[in-house]
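*Asks:* My questions all concern the structure below.
The values are calculated or read from the model by the stated rules, or taken from the named source; none is laboratory data. Note that this is a predicted model, so its numbers are computed, not measured. Using ideal geometry, Cβ is built from the backbone for each residue, glycine included, and neighbour counts are taken over all protein chains shown. Remember, those area values only see protein heavy atoms, side chains included, never the ligands or the DNA or RNA. Shrake-Rupley method; radii C 1.70, N 1.55, O 1.52, S 1.80 Å.
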Amino acid sequence: MSEVKISAATRTEFGKGAARRIRREDKVPGVLYGHGSDPVHLTLPGHDLLMALRTPNVLIALDIDGKSNELAIPKSVQRDPLKGFLEHVDLQLVKRGEQVTVEIPVHTEGELAPGAFLLEHVLNALPVEAEATHIPESVTVSIEGLSAGDSVLAKDIKLPKGTTLTVEDDTVVLQVLAAQAEEAPEGEEAAEEEAAEA
């Protein structure tokens, strides 16, 4: 996994007013924490951060005030619910060689068996432990030929070397369901019509 370099500045202003001022300058307020050290409040460049966060569990090489270089991964990202812009980010300090627990997206490939089946993603992301500088971007699971009643368990997913599960082996990740007919029985339809007329 490649590192994304981002220049950040420490900040001393806090509160909603300060956060709004920071965002007006196309910057994002954030906090860097971890390894038992005091949290460091940062201002990060909005566009650079947005581009970096397109990669799940991206490894960010922070240049803080041009004085210190730290490695971090995003732990919590707050976005505006309507406009989608970044409001705040929490970053976790990591070191090379350190094991971290993250969730990696689960992608599927292949086609289900012919028929009216639905694929349910019980887990959209798989909790794993990996070395901080070698976090997999995602895992891909074949659903080729699966039909109703079939499921994919966590232990069935091939993980990259050095990555281990942090959930039980028999945790269901994907399952195939029979599609349900949406037509209501005739008696129910008649009762609904009577209720609507009353």
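*Asks:* Can you find, within the range 102-129, the residue that is surrounded by the fewest Cβ atoms within 10 Å (Cβ to Cβ) among those that are among the aliphatic types (A, V, I, L, M) and part of a strand (DSSP E or B)?
*Replies:* So the first thing to find is which residues in the range 102-129 are among the aliphatic types (A, V, I, L, M), and the list is 102, 104, 106, 112-113, 116, 118-119, 122-123, 125-126, 128.
Still in the running and part of a strand (DSSP E or B): 102, 104, 106, 118-119, 125-126, 128.
Details: VAL102: 21, ILE104: 21, VAL106: 20, LEU118: 12, LEU119: 14, ALA125: 16, LEU126: 23, VAL128: 23.
My answer is LEU118.
*Asks:* Only one residue in ALA61, ALA132 is touching a residue at least 60 places away in the same chain (Cβ under 8 Å), within 30 Å of THR10 (Cα to Cα), in contact with a Lys or Arg (Cβ under 7 Å, 6 or more places away or on another chain) and of a type in the set (Gly, Ala, Ser), so which one is that?
*Replies:* On the way: ALA61 fails: touching a residue at least 60 places away in the same chain (Cβ under 8 Å).
The match here is ALA132.
*Asks:* Next question, about the same structure. Which of the residues that make up the range 82-93 are at pLDDT below 90, over 16 Å from the mean Cα position of the chain (by Cα) and either under 16 Å from LEU59 (Cβ atoms) or not acidic (Asp, Glu) (or both)?
*Replies:* LEU82, LYS83, PHE85 - these are the residues of the range 82-93 that are at pLDDT below 90, over 16 Å from the mean Cα position of the chain (by Cα) and either under 16 Å from LEU59 (Cβ atoms) or not acidic (Asp, Glu) (or both).
*Asks:* Go through the range 140-182 residue by residue and tally those that are assigned to a strand (DSSP E or B), free of Cβ contacts under 8 Å to residues at least 40 places away in the same chain and within 18 Å of GLY110 (Cβ to Cβ). Talk me through it step by step, then tell me what you get.
*Replies:* Of the range 140-182, the ones assigned to a strand (DSSP E or B) are 140-142, 151-153, 164-165, 172-178.
Then keep just the ones that are free of Cβ contacts under 8 Å to residues at least 40 places away in the same chain; that gives 140-142, 151-153, 164-165.
So of that shortlist, the ones also within 18 Å of GLY110 (Cβ to Cβ) come out as 140-142, 151-153.
Result for the range 140-182: 6.
*Asks:* Evaluate the range 7-28: report whether one residue or more is among the polar types (S, T, N, Q), in contact (Cβ under 8 Å) with a residue 24 or more places away in the chain and within 19 Å of THR101 (Cβ to Cβ). Give the derivation first.
*Replies:* First, pick out the residues of the range 7-28 that are among the polar types (S, T, N, Q): 7, 10, 12.
Those still in the list that are in contact (Cβ under 8 Å) with a residue 24 or more places away in the chain too: 7, 10, 12.
Subsequent filtering for residues that are within 19 Å of THR101 (Cβ to Cβ) retains none.
Taking every residue of the range 7-28 in turn, none turns out to be among the polar types (S, T, N, Q), in contact (Cβ under 8 Å) with a residue 24 or more places away in the chain and within 19 Å of THR101 (Cβ to Cβ).
*Asks:* Give the range 132-160 a look and list any residue that's modelled with pLDDT under 90 and open to solvent by less than 30 Å² (accessible area, probe 1.4 Å), or say none.
*Replies:* ALA132, THR133, ILE135, PRO136
*Asks:* Here is a further query. Please specify each residue of the range 56-92 satisfying the condition of being in contact with a strand residue (DSSP E or B) (Cβ under 8 Å, 6 or more places away or on another chain), exposed (fewer than 14 other Cβ atoms within 10 Å of the Cβ) and not in a strand (DSSP E or B).
*Replies:* Answer for the range 56-92, where residues must be in contact with a strand residue (DSSP E or B) (Cβ under 8 Å, 6 or more places away or on another chain), exposed (fewer than 14 other Cβ atoms within 10 Å of the Cβ) and not in a strand (DSSP E or B): ASP65, GLY66, ASP80, PHE85.
*Asks:* Just give me the residues in the range 18-30 being open to solvent by 30 Å² or more (accessible area, probe 1.4 Å), out of contact with any His (no Cβ under 8 Å at 6 or more places or on another chain) and either of a type outside the set (D, E, K, R) or farther than 22 Å from ILE73 by Cβ (or both), in sequence order.
*Replies:* Keep residues of the range 18-30 that are open to solvent by 30 Å² or more (accessible area, probe 1.4 Å), which gives 20-21, 23-27.
Add one more test, that the residue is out of contact with any His (no Cβ under 8 Å at 6 or more places or on another chain), and what stays is 20-21, 23-25, 27.
Within the range 18-30, ARG20, ARG21, ARG23, ARG24, GLU25 meet the criteria.
*Asks:* Looking at (1) open to solvent by 70 Å² or more (accessible area, probe 1.4 Å); (2) more than 24 Å from THR101 (Cβ to Cβ); (3) part of a strand (DSSP E or B), which is the one condition that is false for TYR33?
*Replies:* (2)
*Asks:* Considering only residues that are within 17 Å of THR12 (Cα to Cα), open to solvent by 20 Å² or more (accessible area, probe 1.4 Å) and among the aliphatic types (A, V, I, L, M), which ones fall in the range 40-55? It would help to see each step written out before you state the result.
*Replies:* Looking only at the range 40-55, we keep the residues that are within 17 Å of THR12 (Cα to Cα), and these are 40-45.
Still in the running and open to solvent by 20 Å² or more (accessible area, probe 1.4 Å): 40-41, 43, 45.
The one that is within 17 Å of THR12 (Cα to Cα), open to solvent by 20 Å² or more (accessible area, probe 1.4 Å) and among the aliphatic types (A, V, I, L, M): VAL40.
Residue by residue, here is whether (1) among the aliphatic types (A, V, I, L, M); (2) at pLDDT below 85; (3) over 24 Å from GLU137 (Cα atoms) holds:
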residue	(1), (2), (3)
SER2	no, yes, no
ARG21	no, yes, yes
VAL40	yes, no, yes
ALA52	yes, no, no
